[in-house]
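Novice: I have a structure here, written as structure tokens, and I will follow up with some questions on it.
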Amino acid sequence: MPKFSASLHSKLPRVGTTIFSKMSALAAAENAVNLSQGFPDFDCSPKLIELVYHYMKTANNQYAPMPGIMALRERIAQKTYDLYSGQYDPETEITITAGATQAIFTAIAATINEEDEVIIFTPAYDCYEPAIEIVGGKPVYIELKAPDYHINWEEVKKVINQRTKMIIINTPHNPTGSIMNGQDLMQLEKLTDKSDILVLSDEVYEHILFDGYEHQSVARFPKLASRSFIISSFGKTYHTTGWKIGYCLAPKALMAEFRKTHQYNVFSVNTPIQMAYADFLADQDAYLKLRHFYQEKRDLFKSLVEGSRFITMHTAGSYFQLLGYEKISDEPDVDFAVRLTKEYKLASIPVSVFYNRKTDNKVLRFCFAKQNETLMQAAEIINRV
């Protein structure tokens with residue numbers, strides 16, 4: 001193929017292959033236990049697969065409506081009301097998306113203009129910053145305070161100005177496993193009151209909280225919800241990350257703008273899977289008991305590595321466990337993660353990659369959404385390091 005010779009100015013000059021792809025590829029090449037990328041190594045419910053197959057067999061294989069199958073939007077509206085008392089009109093305020101990442105990008109693309117500032121908290125999931133930059137916005141970074149990774153709201157107050165257009169929050173948090181409490185949400189509500197600031201709330205791990213904590217969805221706070229996009233994901237809830245179906249909740253005026261962009265980047269998403277999810281949502285236990293399922297895995301993994309030289313950090317939600325290695329090595333976390341994969345055959349994610357300044361606290365992220373046998377294998381390696 002001939003080389004492309006014209007001038008090309010990248011809109012994302014600093015962006016390359018994600019750390020998730022790199023570490024998973026390295027894990028495969030080294031035949032390592034892979035606790036890096038955040039997906040289960042066990043299958044989803046056979047009933048859910050049967051429902052998808054049923055709808056495929058019964059001629060439901062053409063385009064869904066642009067906002068999504070109405071039955072699914074109605075189930076989401078009811079679930080949101082039951083759990084958080086949040087009222088959303090399935091006709092005008094709920095849209096089904098091709099995963100949460102697409103929903104996040106769409107919300108940003110629909111509302112952020114050139115030079116608008118967007119506050120993000122680091123370490124941050126890696127899709128926020130590129131989405132802001134590709135539409136000409138300016139990310140403004142505030143570091144969460146280790147070791148519990150809480151938000152200092154006085155710092156947030158200091159960086160808000162007339163150019164601030166959006167604040168992105170993520171609870172339960174990837175990569176740290178921290179959560180926001182009711183006081184955090186009230187502080188955010190107070191800071192944004194009587195302003196034009198939008199909120200994007202990434203809540204994909206909403207059903208994975210531990211130790212009796214309750215998820216503090218933006219939907220619980222009416223004044224905050226009135227300026228917010230709420231993003232969630234069926235992939236995290238139903239162990240189906242490869243199906244890439246998520247959704248967005250927002251008040252009518254915001255959702256109208258969201259859909260203008262949504263219709264031109266995906267239009268609509270997988271029809272039979274939407275129909276299957278609509279049926280499957282009727283089983284409340286499938287998401288209400290998820291916290292217990294994953295708490296058992298978190299507790300198992302923590303108990304298995306307690307005798308190691310790693311420092312176990314608190315995980316209140318998500319399916320990630322942070323382990324500090326400062327007693328083991330002073331290597332940069334990227335180098336240590338690579339060496340751990342190559343020499344010990346265990347893949348993780350270095351947390352510095354989630355910071356704009358590559359802050360290195362000597363911490364690695366491990367995904368415990370794995371079969372118990374996988375966690376035992378990983379723990380045996382960790383105890384040898």
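Novice: Just one of the numbered conditions (1) in contact (Cβ under 8 Å) with a residue 12 or more places away in the chain; (2) part of a helix (DSSP H, G or I); (3) more than 30 Å from residue 206 (Cα to Cα) is not true of residue 378; which one?
Specialist: Answer for residue 378: the failing condition is (3).
Novice: Is there a residue being assigned by TED's automatic domain parsing to the domain that holds residue 186, farther than 22 Å from residue 219 by Cα and β-branched (Val, Ile, Thr) anywhere in region 138-152?
Specialist: So far as region 138-152 goes, yes, one or more of its residues are assigned by TED's automatic domain parsing to the domain that holds residue 186, farther than 22 Å from residue 219 by Cα and β-branched (Val, Ile, Thr).
Novice: Out of 296, 306, which single residue is among the acidic types (Asp, Glu) and either on the phi > 0 side of the Ramachandran plot or more than 22 Å from the chain's Cα centre (by Cα) (or both)?
Specialist: Numbers: 296 fails: either on the phi > 0 side of the Ramachandran plot or more than 22 Å from the chain's Cα centre (by Cα) (or both).
Only one candidate passes the filter, namely 306.
Novice: Next up: Does residue 330 satisfy being out of contact with any Pro (no Cβ under 8 Å at 6 or more places or on another chain), without any contact (Cβ under 8 Å) to a residue 12 or more places away in the chain and surrounded by fewer than 17 Cβ atoms within 10 Å (Cβ to Cβ)?
Specialist: Numbers: out of contact with any Pro (no Cβ under 8 Å at 6 or more places or on another chain): yes; without any contact (Cβ under 8 Å) to a residue 12 or more places away in the chain: no; surrounded by fewer than 17 Cβ atoms within 10 Å (Cβ to Cβ): yes.
Spelling it out, it is not the case that residue 330 is out of contact with any Pro (no Cβ under 8 Å at 6 or more places or on another chain), without any contact (Cβ under 8 Å) to a residue 12 or more places away in the chain and surrounded by fewer than 17 Cβ atoms within 10 Å (Cβ to Cβ).
Novice: Out of the residues in region 241-284 that are of a type in the set (Lys, Arg) and more than 22 Å from the chain's Cα centre (by Cα), state the one that is nearest to residue 222 (Cα to Cα).
Specialist: Applying the first criterion (of a type in the set (Lys, Arg)) to region 241-284 yields 244, 252, 259-260.
If we keep only those that are more than 22 Å from the chain's Cα centre (by Cα) as well, we get 252, 260.
Details: 252: 14, 260: 25 Å.
Only one residue tops the list, namely 252.
Novice: Another one. Could you tell me how many of the residues in region 14-54 are exposed (fewer than 11 other Cβ atoms within 10 Å of the Cβ), part of a loop (DSSP other than H, G, I, E, B) and over 24 Å from the mean Cα position of the chain (by Cα)?
Specialist: Number of matching residues: 1.
Novice: What tally of residues in region 55-73 results from selecting those that are surrounded by 15 or more Cβ atoms within 10 Å (Cβ to Cβ) and of a type in the set (Lys, Arg)?
Specialist: Within region 55-73, residues that are surrounded by 15 or more Cβ atoms within 10 Å (Cβ to Cβ) and of a type in the set (Lys, Arg) number 1.
Novice: Here's a follow-up. Scan region 280-292 residue by residue and report those that are basic (Lys, Arg) and outside any loop (DSSP other than H, G, I, E, B).
Specialist: The one that is basic (Lys, Arg) and outside any loop (DSSP other than H, G, I, E, B): 291.
Novice: Would you kindly identify the helices (runs of 4 or more DSSP H) lying entirely within region 193-279 that contain at least 1 residues that are surrounded by fewer than 24 Cβ atoms within 10 Å (Cβ to Cβ) and of a type in the set (D, E, K, R)?
Specialist: Answer list for region 193-279: 222-225, 252-265.
Novice: Could I ask something else about it? For region 88-110, does any single residue satisfy the condition of being crowded, with 21+ Cβ neighbours inside 10 Å, of a type in the set (S, T, N, Q) and touching a Ser or Thr at 6+ places or on another chain (Cβ under 6 Å)?
Specialist: So far as region 88-110 goes, yes, one or more of its residues are crowded, with 21+ Cβ neighbours inside 10 Å, of a type in the set (S, T, N, Q) and touching a Ser or Thr at 6+ places or on another chain (Cβ under 6 Å).
Novice: Working only within region 14-44, note down all residues that are touching a residue at least 40 places away in the same chain (Cβ under 8 Å) and farther than 30 Å from residue 381 by Cα. Can you show your working first?
Specialist: Filtering region 14-44 down to residues touching a residue at least 40 places away in the same chain (Cβ under 8 Å) leaves 15, 18-20, 23-24, 26-27, 30-44.
Within region 14-44, just 15 meets the criteria.
Yes/no per residue for (1) of a type outside the set (S, T, N, Q); (2) within 18 Å of residue 66 (Cα to Cα); (3) in the same structural domain as residue 89 (by TED's automatic domain parsing); (4) at pLDDT below 95:
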site: 233; (1), (2), (3), (4): no, yes, yes, no
site: 238; (1), (2), (3), (4): yes, no, yes, no
site: 244; (1), (2), (3), (4): yes, yes, yes, no
site: 250; (1), (2), (3), (4): yes, yes, yes, no
site: 257; (1), (2), (3), (4): yes, yes, yes, no
site: 262; (1), (2), (3), (4): yes, yes, yes, no
site: 269; (1), (2), (3), (4): yes, yes, yes, no
site: 272; (1), (2), (3), (4): yes, yes, yes, no
site: 278; (1), (2), (3), (4): yes, yes, yes, no
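Novice: List the number of the failed condition for residue 105; all other conditions in (1) closer than 24 Å to residue 38 by Cβ; (2) out of contact with any Cys (no Cβ under 9 Å at 6 or more places or on another chain); (3) among the aromatic types (Phe, Trp, Tyr) hold.
Specialist: Failed condition: (2).
Novice: Now for a separate question. For the list (1) under 30 Å from residue 338 (Cβ atoms); (2) hydrophobic (A, V, I, L, M, F, W, C); (3) part of a loop (DSSP other than H, G, I, E, B); (4) without any contact (Cβ under 8 Å) to a residue 60 or more places away in the chain, I need the number of the one condition that residue 1 fails.
Specialist: If we test residue 1 against (1) under 30 Å from residue 338 (Cβ atoms); (2) hydrophobic (A, V, I, L, M, F, W, C); (3) part of a loop (DSSP other than H, G, I, E, B); (4) without any contact (Cβ under 8 Å) to a residue 60 or more places away in the chain, just (1) comes out false.
Novice: Please enumerate the residues belonging to region 293-312 that are crowded, with 20+ Cβ neighbours inside 10 Å and assigned to a loop (DSSP other than H, G, I, E, B).
Specialist: The one that is crowded, with 20+ Cβ neighbours inside 10 Å and assigned to a loop (DSSP other than H, G, I, E, B): 310.
Novice: Another question about this same structure. Can you name the condition, by its number, that residue 186 falls short on among (1) in a helix (DSSP H, G or I); (2) buried (at least 17 other Cβ atoms within 10 Å of the Cβ); (3) not hydroxyl-bearing (Ser, Thr, Tyr)?
Specialist: (2)
Novice: Quick one: is residue 286 at pLDDT 95 or above and surrounded by 20 or more Cβ atoms within 10 Å (Cβ to Cβ)?
Specialist: It is false that residue 286 is at pLDDT 95 or above and surrounded by 20 or more Cβ atoms within 10 Å (Cβ to Cβ).
The values are calculated or read from the model by the stated rules, or taken from the named source; none is laboratory data. Predicted model, so just to flag it, every value in this text is computed and none were measured. Note that each Cβ is placed from the backbone with ideal geometry, even for glycine, and that neighbours are counted across all protein chains shown.
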